[in-house]
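Following: one structure in structure tokens, then a few remarks.
The values are calculated or read from the model by the stated rules, or taken from the named source; none is laboratory data. On a predicted model such as this, the values are computed, not experimentally measured, just so you know. Note: ideal-geometry Cβ built from the backbone for every residue, glycine included; neighbour counts use all protein chains shown.
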């Protein structure tokens, strides 16, 4: 079955909502401290676009093993950028009740946008995996992907690494990740966030696409 690369209307609505709320906030409260959310949303679109392209080539029978493996690795590196925005909820801030409420709505809208982009992206790759592997193997791969994405969110939030650090700062990145396992007592927060976020992502995706629970 052929697949067309497109952005679902739900995503477009959420993107528009996030942009409008951010711009209105600048006018209402006279500061742009949350404007970085728009950059985070842009980063969240990258795994979505890549997975959509891979699914398109796969549907056209033009996804070679080399492109599948290489594209999947790059996609996995980019994927944490999408659900990562959920962690930005910690930036709700202080101030008048009206401003805190507005911040909450804005942050939740952006988090929902990132989460939706991530769920769509995982769903894309779920379809690609299904065309190449057995049902059980596919379900296992998707679960592993969600766990690695959750770990990526944790190291992004607490160790302050970005996706591109794997290219420009790989030695420091690998050393920091190894320290998480060598000295687990110093990184309990990373383990807690990884486990909690994995459970959240797994249950959310299971509600989004129940096939994992019915393998």
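Just one of (1) farther than 28 Å from residue 193 by Cβ; (2) in a helix (DSSP H, G or I); (3) at pLDDT 95 or above fails for residue 133. It is (2). Residues of the range 4-19 that are touching a helix residue (DSSP H, G or I) at 6+ places or on another chain (Cβ under 9 Å) and surrounded by fewer than 16 Cβ atoms within 10 Å (Cβ to Cβ): 4, 5, 6, 7, 8, 10. Total residues in the range 20-69 satisfying the condition of being within 23 Å of the chain's Cα centre (by Cα), in a helix (DSSP H, G or I) and surrounded by 12 or more Cβ atoms within 10 Å (Cβ to Cβ): the figure is 26.
Just one of the numbered conditions (1) under 22 Å from residue 74 (Cβ atoms); (2) under 12 Å from the mean Cα position of the chain (by Cα); (3) surrounded by 17 or more Cβ atoms within 10 Å (Cβ to Cβ) is not true of residue 161: (2).
Contact annotation: residue pairs with Cβ atoms under 9 Å, 6 or more positions apart or on different chains, pairing a residue in the range 203-214 that is on the phi < 0 side of the Ramachandran plot and part of a helix (DSSP H, G or I) with a partner that is surrounded by 14 or more Cβ atoms within 10 Å (Cβ to Cβ) and modelled with pLDDT under 80, are 205/212; 206/212. Every condition in (1) surrounded by fewer than 13 Cβ atoms within 10 Å (Cβ to Cβ); (2) closer than 20 Å to residue 87 by Cα holds for residue 167 except the one numbered (2). Only one entry in 90, 7, 73 is at pLDDT below 95 and assigned to a helix (DSSP H, G or I), namely 90. The condition of being under 20 Å from residue 84 (Cβ atoms), over 18 Å from the mean Cα position of the chain (by Cα), at pLDDT 90 or above and surrounded by fewer than 17 Cβ atoms within 10 Å (Cβ to Cβ) holds for only one of 183, 189, that being 189. Could you list, in sequence order, all residues of the range 168-181 that are assigned to a helix (DSSP H, G or I) and more than 16 Å from residue 151 (Cα to Cα)? Matches in the range 168-181: 168, 170, 171, 172.
Looking only at the range 137-167, count every residue that is outside any helix (DSSP H, G or I) and free of Cβ contacts under 8 Å to residues at least 12 places away in the same chain and tell me the total. So the answer is 3.
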